[in-house]
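Structure first, commentary second.
The values are calculated or read from the model by the stated rules, or taken from the named source; none is laboratory data. Predicted model, so just to flag it, every value in this text is computed and none were measured. Cβ placement follows ideal geometry from the backbone for every residue including glycine, while neighbour counts extend to all protein chains displayed.
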Amino acid sequence: MLELEGEIETIIYANEMNSYTVARFITEDETITIVGFLPFINIGDSIKITGEFVTHKDYGEQFKVETFKKEMPKTLDALERYLGGGSIKWVGPKTAEKIIKTFGEDTIYVLEKEPEKLATIRGITKEKAIDISESFIENKELWKIVDFLEEIGIAASYAKKVYELYGINAVEEVKNDPYRLIDVVRGISFKVIDEAALKIGVRDDDEQRIIYGIKYGLLLATYNGHTCVLKNNLLDFTSSLLQISESTIDLFINQLKVKGIIVVEERDEEEWIYLREIYEAEEFVAAKLIRLDNVKNRKQIVNIEEKLEKQEKQNDIELSDKQKEAVEAVSRHNVCVITGGPGTGKTTIIKSIIELYKKEGKKVVLCAPTRKSRKKDDRNNRGKCKNTT
């Protein structure tokens, strides 16, 4: 790993969602392109980065940042560029120049401790002076969040999400209850948070650790498309995750059930466990589907078998028996679920359904939960597809 120190010259690209950034970086010896997750970075920032040089097939040599640490600008010129970089409220390049000329080496002290002195500069009112000071201090606090998360092993890519959750008090909030991050940072590993928590003094048998270990097992199941987990499987998973006995975990499962955080449902002499919000969501969807299925079917196609056979001949295709069954089921029922892996003919079924209903003079609307699937349907049915994301 290489370590470099320098200043952000320009920001070429910054993803607002995850803070992935491409920027030009000035060191003592050269100007290079750096890439990586760099939350709260602005033009003029002085930072220390670690990582390695890589070669991009299109953009050439880049420095891939693994970790970074913000630092106060070390020269007045650098401080002026930082203040005028756009991250401090009410301060642009001209105002930054005035501040540096007026206070010189005392600039940081004035900004932090005696902001009222800023009002001696033409164009800065007392109210603006306070805003400038608060903005400067807030930016420094943001740096502390990134540094703290890096220290306990949580990647900088999560810093923005953590700040949005906890605000300026993020460091103290995470120290008080690091496991809450599982609720708000989708995809973050429990192992990462657990190691961070143990670093700052959380005990192995801490109540919050066990509760969030159980919740993590249930959340992990939802990431894989499941709404519930067999109790025995959850006990086994959580015991292995936390290195704690299943009997202890079972006590906390009962506690979560009493508090209404989870729902335990018995089916076929087995216990299935849901997170409360997932259980309620599934109940809501099921009720809506049942209600929809029970209303009068206004889309049934008369003689659908004959019409489908004619359509096959016209298009020179032959549907399998299962595909025909699926198309006919859509006609007979208000709600129909068609499943199957890649290459099993789901798209062919959809195209056949669309064509049949168009010939019946019906309006067809396709909706998709992701842009990728929406684009795929849109290519096949240009102009008739709505994106529901």
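Checking the condition surrounded by 19 or more Cβ atoms within 10 Å (Cβ to Cβ) and farther than 17 Å from GLU173 by Cα, which residue from LEU149, LEU118 passes?
The conditions single out LEU118.
Taken over the stretch 326-346, the criterion of being of a type in the set (Val, Ile, Thr) and surrounded by fewer than 13 Cβ atoms within 10 Å (Cβ to Cβ) is satisfied by VAL337, THR339.
Of all residues in the stretch 219-244, those satisfying the criterion of being in a loop (DSSP other than H, G, I, E, B) and surrounded by 17 or more Cβ atoms within 10 Å (Cβ to Cβ) are CYS228, ILE244. Only one of the numbered conditions (1) part of a loop (DSSP other than H, G, I, E, B); (2) buried (at least 17 other Cβ atoms within 10 Å of the Cβ); (3) free of Cβ contacts under 8 Å to residues at least 40 places away in the same chain is violated by ILE43, and that is (3).
Scan the stretch 189-206 and tell me whether some residue there is under 20 Å from LEU219 (Cβ atoms) and modelled with pLDDT under 80. Looking through the stretch 189-206, none of the residues is under 20 Å from LEU219 (Cβ atoms) and modelled with pLDDT under 80.
Could you go through the stretch 268-288 and let me know if any residue there is assigned by TED's automatic domain parsing to the domain that holds LYS362, basic (Lys, Arg) and free of Cβ contacts under 8 Å to residues at least 12 places away in the same chain. No, because not a single residue in the stretch 268-288 is assigned by TED's automatic domain parsing to the domain that holds LYS362, basic (Lys, Arg) and free of Cβ contacts under 8 Å to residues at least 12 places away in the same chain.
For the stretch 54-82, the candidate set comprises residues that are surrounded by 13 or more Cβ atoms within 10 Å (Cβ to Cβ) and among the aromatic types (Phe, Trp, Tyr); within that set, the residue that is modelled with the highest pLDDT is PHE63. Restricting to the stretch 193-218, name every residue that is part of a helix (DSSP H, G or I), hydrophobic (A, V, I, L, M, F, W, C) and either free of Cβ contacts under 8 Å to residues at least 12 places away in the same chain or surrounded by fewer than 17 Cβ atoms within 10 Å (Cβ to Cβ) (or both). The answer is LEU198, and nothing else. The requirement of being part of a helix (DSSP H, G or I), farther than 30 Å from LEU235 by Cα and within 39 Å of the chain's Cα centre (by Cα) is fulfilled somewhere in the stretch 304-322, by at least one residue. Of everything in the stretch 170-192, what is in a helix (DSSP H, G or I) and loosely packed, with under 13 Cβ neighbours inside 10 Å? Give them in sequence order. Selection gives GLU172, ASN176, ASP183, LYS191. State which residue is nearest to ILE152 (Cα to Cα) when the search covers only the stretch 50-68 and only residues that are in contact with a Gly (Cβ under 8 Å, 6 or more places away or on another chain) and not aromatic (Phe, Trp, Tyr). It comes out as THR67. Here GLU30 clears all of (1) surrounded by fewer than 14 Cβ atoms within 10 Å (Cβ to Cβ); (2) within 28 Å of VAL185 (Cβ to Cβ); (3) of a type outside the set (S, T, N, Q) except the condition numbered (2). Each residue in the stretch 245-260 was checked for being buried (at least 16 other Cβ atoms within 10 Å of the Cβ) and either touching a strand residue (DSSP E or B) at 6+ places or on another chain (Cβ under 6 Å) or of a type in the set (Val, Ile, Thr) (or both), and 3 pass.
What residue, of ILE154, ILE88, ILE100, ILE130, is buried (at least 18 other Cβ atoms within 10 Å of the Cβ), more than 23 Å from GLU16 (Cβ to Cβ), without any contact (Cβ under 8 Å) to a residue 60 or more places away in the chain and β-branched (Val, Ile, Thr)?
ILE100
Looking at ILE100, ILE137, just one residue is modelled with pLDDT of 95 or more, assigned to a helix (DSSP H, G or I), in contact with a helix residue (DSSP H, G or I) (Cβ under 9 Å, 6 or more places away or on another chain) and over 21 Å from VAL65 (Cα atoms), and that residue is ILE100.
For the structure I just gave you, tell me whether GLN323 is more than 20 Å from ILE338 (Cα to Cα), in contact (Cβ under 8 Å) with a residue 24 or more places away in the chain, in the same structural domain as LYS359 (by TED's automatic domain parsing) and surrounded by 14 or more Cβ atoms within 10 Å (Cβ to Cβ). The answer is no for GLN323. Of all the residues in the stretch 277-301, those that are loosely packed, with under 15 Cβ neighbours inside 10 Å and either touching a Ser or Thr at 6+ places or on another chain (Cβ under 9 Å) or among the charged types (D, E, K, R) (or both) number 13. The single condition from (1) in contact with a Phe, Trp or Tyr (Cβ under 6 Å, 6 or more places away or on another chain); (2) under 24 Å from VAL91 (Cβ atoms) that LYS140 fails is (1).
Residues that are charged (D, E, K, R) and either outside any helix (DSSP H, G or I) or at pLDDT below 95 (or both) within the stretch 260-276 comprise GLU265, GLU266, ARG267, ASP268, GLU269, GLU270, GLU271, listed in sequence order.
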